Amino acid sequence: MSLALPQPQTPAAVREMASARLGGPVRLFRAPGRVNLIGEHTDYNLGFVLPAAIDRYTYAAARPRAGRELRMSSAQFPETFTLSLDRLQPIRGWGNYLAGVADGLQAQGLSLQGADLFVTSEVPHGAGLSSSAALEISTGLALAALSGAPFDPLHLVRAGQHAEHAFAGTQSGVMDQFISTFARAGHALRLDCRNLEWELVALPAGCALVVCNTGVKHELAGSEYNQRRKECEIGVDLLRRDRPEIASLRDVTLAELNAHQSELTPVVFRRCRHIVTENQRVQDAVRAFHEGNFARLHRLFAASHASMRDDYEISCRELDLMVAAAEAAPGFLAGRMTGGGFGGCTVNLVRPNLVDSFRSATAQAYAQASGLEAEIIATPAAAGCEELR
Ligand code: GLA
């Protein structure tokens, strides 16, 4: 499968294409993909994350239709789907996400209307940039807006998570849907995944965000994800025997975890150690971003990558090679793998005036080491979902 990044489209061009496909004027919505700066696999452990939206979007164009059917087509996939809002259930193919989102919105009390939808995306599929969250949030926003009733953006987040859990079978956390919904231009967002309190973290002028796509996605990603989540739960259950008020790894300190090492299997201990140390790294990184302390960010990103490689075991050869390639490139400030793991992308902070040299040096070194072509995009931190008027 090619993971080539699709070219950005202009909203006007998308509107024109969608109007032609749907046979009349459309309302147009979009939601961005994301890159996580630090805080990996901490979301479902009710800890901290620091994602930012990227300026690659999934667009959902919609027209109301009489009755209770959703009909949808896409510029990227040949399959079209017709769903009844009265009988939503998991289906095969990309329409599953829309079925899940519609079901999630209705389960929260929104009364949805029939619609014709057309979807097109610039967020590469399977590259760890949350193409599925961008699809869920863009289509969820379209359906909620077309219903005409007031709704809370959190309804979209919950509906997207419902699509992942109950329809796609991934027990993912809240990060991807949250950032695709609430992102602000120029900022990352520090989210407390326990109470959903969040704080904007301005990206300092001294760094640019650069995403490097390894071009690989290993098949085990989905099953390994759910496995990691289970291993963390096993850890929590054992630690709770001693201190019942522990609700998640968020409530555990490193000293406490170390004190109980002998009660945990080596694997469960290492999984827990990644989460506990990663939560601390998010807090430290927020401070370092506020201070513009790139030396500290360098150390935190490197420690995060090592922890994912050695303790959480979600990196892979290509990700390690990409991190090494970037580290040696001009302008590099900090870098690590990002997202669920087993392929996909790394995220880098790069000196803005050296982005072009960084790009070519990293691509060349990665190609030499891996035999693969890297796809490298510099992206501003973008804004979250919106209707385009
Ligand atoms: C995927 C999931 C998120 C999060 C990341 C890892 O993107 O959808 O909820 O767990 O992996 O940080």
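Here Ala13 meets the list (1) of a type in the set (A, V, I, L, M, F, W, C); (2) open to solvent by 10 Å² or more (accessible area, probe 1.4 Å); (3) away from the ligand (no atom under 16 Å from the Cβ); (4) in contact (Cβ under 8 Å) with a residue 12 or more places away in the chain almost entirely, failing just condition (4).
Would you please name the residue that is farthest from the ligand (Cβ to nearest atom), looking only at residues in region 146-163 that are hydrophobic (A, V, I, L, M, F, W, C) and open to solvent by 10 Å² or more (accessible area, probe 1.4 Å)? Residue satisfying both the conditions and the ranking: Ala149. Restricting attention to region 17-37, the residues that are of a type in the set (Val, Ile, Thr) and within 16 Å of the ligand (Cβ to nearest atom) total 1. Residue check: Asn353 meets all listed conditions (1) among the polar types (S, T, N, Q); (2) outside any loop (DSSP other than H, G, I, E, B); (3) surrounded by 15 or more Cβ atoms within 10 Å (Cβ to Cβ) but one, namely (3).
Sub-6 Å Cβ pairs linking a first residue in region 186-205 that is closer than 19 Å to Val35 by Cβ to a second residue that is open to solvent by 60 Å² or more (accessible area, probe 1.4 Å) and not aliphatic (A, V, I, L, M), at least 6 apart or interchain, are Leu189/Trp198; Arg190/Glu199; Leu191/Trp198; Leu200/Arg184, ordered by first then second residue. Within region 118-144, the set of residues being outside any loop (DSSP other than H, G, I, E, B), open to solvent by 10 Å² or more (accessible area, probe 1.4 Å) and not aliphatic (A, V, I, L, M) comprises Ser121, Ser131, Ser132.
A single entry from His165, His155 fulfils the requirement of being within 30 Å of Thr214 (Cα to Cα) and not in a strand (DSSP E or B): His165. Close contacts from region 278-307, counting a first residue that is closer than 21 Å to Arg351 by Cα and a second that is of a type in the set (Gly, Ala, Ser) and part of a helix (DSSP H, G or I), with Cβ to Cβ under 6 Å and a gap of 6+ residues or different chains, come to Arg296/Ala288; Leu297/Ala288; Leu300/Ala285. Of the candidates Gly186, Gly160, the single residue that is of a type outside the set (A, V, I, L, M), modelled with pLDDT of 95 or more and farther than 26 Å from Ser84 by Cβ is Gly186. Screening region 207-326 for helices (runs of 4 or more DSSP H) wholly inside it with 3 or more residues that are in contact with a Phe, Trp or Tyr (Cβ under 9 Å, 6 or more places away or on another chain) and open to solvent by 10 Å² or more (accessible area, probe 1.4 Å) returns the ranges 221-240, 266-291. Of all positions in region 102-115, none carries a residue that is crowded, with 24+ Cβ neighbours inside 10 Å, assigned to a helix (DSSP H, G or I) and within 14 Å of the ligand (Cβ to nearest atom).
Restricting region 38-54 to residues that are within 11 Å of the ligand (Cβ to nearest atom) and within 12 Å of the chain's Cα centre (by Cα), the residue that is nearest to Phe301 (Cα to Cα) is Ile38. Scanning region 327-350 for residues that are farther than 17 Å from Phe294 by Cβ, buried (at least 24 other Cβ atoms within 10 Å of the Cβ) and of a type in the set (Gly, Ala, Ser) yields Gly339, Gly341, Gly343, Gly344.
Checked against the criterion of being touching a Cys at 6+ places or on another chain (Cβ under 9 Å) and not small (Gly, Ala, Ser), the candidates Val49, Val101 yield just one match: Val49.
Conditions tested, residue by residue: (1) part of a loop (DSSP other than H, G, I, E, B); (2) in contact with a Pro (Cβ under 7 Å, 6 or more places away or on another chain); (3) open to solvent by 20 Å² or more (accessible area, probe 1.4 Å); (4) closer than 30 Å to Phe289 by Cβ.
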position: Arg34; (1), (2), (3), (4): no, yes, no, yes
position: His41; (1), (2), (3), (4): yes, no, no, yes
position: Arg56; (1), (2), (3), (4): no, yes, yes, yes
position: Gln89; (1), (2), (3), (4): yes, no, yes, no
position: Asn96; (1), (2), (3), (4): no, yes, no, no
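Of everything listed in (1) assigned to a helix (DSSP H, G or I); (2) of a type in the set (Val, Ile, Thr); (3) open to solvent by 10 Å² or more (accessible area, probe 1.4 Å), the single unmet condition for Ile377 is (1).
Would you say Leu5 is at pLDDT 95 or above, open to solvent by 10 Å² or more (accessible area, probe 1.4 Å) and assigned to a loop (DSSP other than H, G, I, E, B)? For Leu5, the condition - at pLDDT 95 or above, open to solvent by 10 Å² or more (accessible area, probe 1.4 Å) and assigned to a loop (DSSP other than H, G, I, E, B) - is not met.
Taking the criterion of being open to solvent by 30 Å² or more (accessible area, probe 1.4 Å) and either within 11 Å of the ligand (Cβ to nearest atom) or over 19 Å from Gly341 (Cβ atoms) (or both), the residues of region 164-181 that qualify are His165, Ala166, Ala168, Thr170, Gln171, Asp176.
The values are calculated or read from the model by the stated rules, or taken from the named source; none is laboratory data. Bear in mind the structure is a predicted one, so any value in this text is a computation, not a measurement. Neighbour counts run over all protein chains shown; Cβ positions are idealised from the backbone, glycine included. To get the accessible areas, we keep the full protein, side chains included, count just its heavy atoms, and leave off ligands, DNA and RNA. Shrake-Rupley method; radii C 1.70, N 1.55, O 1.52, S 1.80 Å.
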